[in-house]
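Student: So that we are looking at the same thing, I have put the structure below in structure tokens.
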Amino acid sequence: MLQFIDLTKRYGKADPPALQDFSLTVEEGEFVVLLGRSGAGKSTLIRCANGLIRPTSGEVRWKGESVTRAKKEELLKLRAGMGMIFQQFQLISRLDVLTNVMVGRFHHLPLWRSLTGTFPPEVVETAREALHRVGIGHLARQRADGLSGGQQQRVAIARVLVQRPKLLLGDEPVASLDPVTADAILRLLKEIHRHEKMTTILNLHDVHMARRVATRIVGIRNGRLVFDGKPEELDESR
Ligand code: ADP
Ligand code: ADP
């Protein structure tokens, strides 16, 4: 269970708060879409979930443990159970696909392994399985920066899969993809959610996409929660 408790985030003293008195509890296994316009505070909220951003006040708790107050070591431990995907994929462009997946899970391995590509066989096997799972097993030895956007996001998803997270966070994961590719990525995320049952929270700004994948939609406007309900409860006309 993930709890956002009374979060307020101010980036600058003179700025309006990016989040204001924001409270939300996400139960295990939910597929939550945070819906709102650009600048609404979605990215700030999702980055508070794994401690990439510290709120000005309030607290985030993951399974009862404070993410907000966690010290560096504790935070790294908490984050090990959280996977994240991004709008710009965040792959290491000059490494091949397989290595990108392996360094995600096995970042504790020495750097020379990723540079020389000498990973233990079971690590390679796990990464290859993950790539097949997301439909790009044949691209294992391609350089990451030679792939299309959709393919790159599949690599990022494979990198999360080998981590076996209990929580998957997605910060506008389909915002830089064309509609057909975006739809395919969302279907993949939905299929993975159905299979792994990991709690999933995505930022999206398209209501139709949100409806298609979410079990719960949370609307944000000006840093405040303005809607929380099932997709069918969302009145599109407002
Ligand atoms: P969204 O993800 O919904 O587009 P964000 O959380 O990115 O919204 O942004 C919320 C508000 O906070 C916006 O007004 C944005 O300009 C501001 N903001 C976000 N990140 C920063 C930052 N690092 N420094 C200053 N202002 C920021
Ligand atoms: P996106 O919302 O697609 O992630 P943005 O262009 O809004 O991309 O933000 C890119 C980066 O800049 C993010 O890390 C965000 O936190 C930061 N940022 C956003 N708005 C501001 C702002 N007003 N001032 C400073 N940094 C910002």
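Student: Taking the residues in segment 34-49 that are more than 16 Å from the chain's Cα centre (by Cα) and crowded, with 20+ Cβ neighbours inside 10 Å as candidates, determine which candidate is nearest to M209 (Cα to Cα). Steps first, answer last, please.
Tutor: Applying the first criterion (more than 16 Å from the chain's Cα centre (by Cα)) to segment 34-49 yields 36-40.
Restricting the remaining residues to those that are crowded, with 20+ Cβ neighbours inside 10 Å gives 36, 40.
Working: G36: 12, A40: 18 Å.
The residue in question is G36.
Student: Only one of (1) surrounded by fewer than 16 Cβ atoms within 10 Å (Cβ to Cβ); (2) farther than 15 Å from T200 by Cα fails for K9. Which number is that?
Tutor: (1)
Student: Still on this model: Taking segment 58-95 on its own, how many of its residues are crowded, with 16+ Cβ neighbours inside 10 Å, out of contact with any Phe, Trp or Tyr (no Cβ under 9 Å at 6 or more places or on another chain) and either in a strand (DSSP E or B) or of a type in the set (F, W, Y) (or both)?
Tutor: So the count comes out to 7.
Student: Turning to a different aspect of this structure: Check whether at least one residue in segment 167-178 is more than 15 Å from the chain's Cα centre (by Cα) and farther than 28 Å from G51 by Cα, and report yes or no.
Tutor: So far as segment 167-178 goes, yes, one or more of its residues are more than 15 Å from the chain's Cα centre (by Cα) and farther than 28 Å from G51 by Cα.
Student: Within segment 15-38, is even one residue more than 8 Å from ligand 1 (Cβ to nearest atom), at pLDDT below 95 and not in a helix (DSSP H, G or I)?
Tutor: no
Student: Have a look at Q142, Q152 and point out the one that is over 13 Å from the mean Cα position of the chain (by Cα) and touching a residue at least 60 places away in the same chain (Cβ under 8 Å).
Tutor: Numbers: Q142 fails: touching a residue at least 60 places away in the same chain (Cβ under 8 Å).
Result: Q152 is the single residue among Q142, Q152 that is over 13 Å from the mean Cα position of the chain (by Cα) and touching a residue at least 60 places away in the same chain (Cβ under 8 Å).
Student: Checking the conditions here, which among S23, S43 is within 12 Å of ligand 2 (Cβ to nearest atom) and of a type outside the set (A, V, I, L, M, F, W, C)?
Tutor: Working: S23 fails: within 12 Å of ligand 2 (Cβ to nearest atom).
From the options S23, S43, the qualifying one is S43.
The values are calculated or read from the model by the stated rules, or taken from the named source; none is laboratory data. Nothing here was measured: the structure is a model prediction, and the numbers come from that model. All Cβ positions, even for glycine, are placed from backbone atoms using ideal geometry, and neighbour counts span all protein chains on display.
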